């Protein structure tokens, strides 16, 4: 009688559907590769076949699964391809399953696994300088390309919008009434990320994100290895090396921000704001091109915060990877902003339109110290005297 009353286990209708049985040998990536349609291949994966194969060799051992008697596992190539397509489009797992013949449940497991493998293998592509000499090399690019001496990086942060995380309360609820995590980054003068901090709750301000970061801790503990303050011609004091931030940050010895308010043309404050904004435009471009190529950043993410962090960090590392290996393909001429004697031509990434998932950080006023104010004033006066540009009054 006990056997009769035992609840019978429901048999599965299919081990897997016919759609997914036909995956092997029929993938779209294989079609593009076999037909040598390199342009379409690049549009599909956001990289060249060479770059794809290089990544596959590096992470293949970490993402490959053992073949069994019952079924053939999803290949490492398909795992990488579906992840790159998700990053490139932000499409739902449901839509991707028909393109790759992989179930949405499997894609939901594959994407985080591949992102974790990419982060592990590519982490060497993002690193902070550790010595005064290395920081001065960064500063040299900002000075020669962007006429911003002593600048050693451009800082910014963005809210990346999420679906409401489960049982999160108000931790991820930002001032725009969205749920988000914060991407905070430092970029060098050549559009490469030197530092990225992902995952701070959306309710925290830009300055608060900075103070919670490892970068701030190393800065306040004097462990960044920044060069000692040095003279700028005509200045009455030695000028510290600094990061260029926006109005959301607090003015400090090693972080310059714009003057608040409107100023008459030709005044030191107006010129300073113009010159600082030229340097800060680098981080805007880095965020812009990353989200234009990897469009998962342009839509609210239907992911848990931890998985969203992996996705965002993967995009940051892929940006640096492609900037190093295929800069002319990843960022061809005209993609990024460029200037000729102050005349700005905006990059094509700005034509993408407004993003709904990357929101600027809120500005919270703070009172700076007298020393920090004097440093900024000295730099401003330098810009209208010994450090002047003949065309700056025309565009400031």
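The values are calculated or read from the model by the stated rules, or taken from the named source; none is laboratory data. Remember, predicted model here, so these are calculated numbers, not experimental data. Here the Cβ is made from the backbone with ideal geometry for all residues, glycine too, and neighbour counts use every protein chain on show.
Is it the case, given these coordinates, that residue 300 is outside the structural domain of residue 120 (by TED's automatic domain parsing) and within 21 Å of residue 146 (Cβ to Cβ)? Spelling it out, it is not the case that residue 300 is outside the structural domain of residue 120 (by TED's automatic domain parsing) and within 21 Å of residue 146 (Cβ to Cβ). Determine if region 331-338 includes at least one residue that is assigned by TED's automatic domain parsing to the domain that holds residue 224 and assigned to a helix (DSSP H, G or I). No, that holds for no residue.
For (1) at pLDDT below 95; (2) closer than 24 Å to residue 132 by Cα; (3) in contact with a strand residue (DSSP E or B) (Cβ under 6 Å, 6 or more places away or on another chain), each residue gets a yes or a no:
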{"position": "236", "(1), (2), (3)": "yes, yes, no"}
{"position": "243", "(1), (2), (3)": "no, yes, yes"}
{"position": "246", "(1), (2), (3)": "yes, no, no"}
{"position": "259", "(1), (2), (3)": "no, no, no"}
{"position": "267", "(1), (2), (3)": "no, no, no"}
{"position": "272", "(1), (2), (3)": "no, no, no"}
{"position": "276", "(1), (2), (3)": "no, yes, yes"}
{"position": "282", "(1), (2), (3)": "no, yes, yes"}
{"position": "286", "(1), (2), (3)": "no, no, yes"}
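What residue, among those in region 57-78 that are at pLDDT 85 or above and within 21 Å of residue 97 (Cβ to Cβ), is surrounded by the most Cβ atoms within 10 Å (Cβ to Cβ)? Only one residue fits best here, namely 74.
When residue 189 is tested against the conditions (1) more than 27 Å from residue 349 (Cα to Cα); (2) at pLDDT 90 or above, the lone failure is (1).
A quick yes/no check of all residues on (1) buried (at least 22 other Cβ atoms within 10 Å of the Cβ); (2) free of Cβ contacts under 8 Å to residues at least 12 places away in the same chain:
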| site | (1), (2) |
| --- | --- |
| 256 | yes, no |
| 272 | yes, no |
| 276 | yes, no |
| 294 | yes, no |
| 340 | no, yes |
| 349 | no, no |
| 363 | no, no |
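Counting only helices (runs of 4 or more DSSP H) that fall entirely inside region 49-142 and contain at least 2 residues that are more than 18 Å from the chain's Cα centre (by Cα), closer than 19 Å to residue 323 by Cα and not assigned by TED's automatic domain parsing to the domain that holds residue 196, the qualifying elements are 49-63. Selection of region 218-259 for residues being within 24 Å of the chain's Cα centre (by Cα), closer than 19 Å to residue 142 by Cα and not in a loop (DSSP other than H, G, I, E, B) yields 242, 243, 244, 255, 256.
In region 225-239, what residues are surrounded by fewer than 21 Cβ atoms within 10 Å (Cβ to Cβ) and either at positive phi or in contact with a helix residue (DSSP H, G or I) (Cβ under 7 Å, 6 or more places away or on another chain) (or both)?
In the first step, residues of region 225-239 are kept if they are surrounded by fewer than 21 Cβ atoms within 10 Å (Cβ to Cβ); the result is 225, 227-239.
Passing the criteria: 225, 227, 232, 234, 235, 236, 237, 239.
Tell me which residues, restricted to region 192-211, are at pLDDT below 90 and in a loop (DSSP other than H, G, I, E, B). Within region 192-211, 202, 203, 204, 205 qualify.
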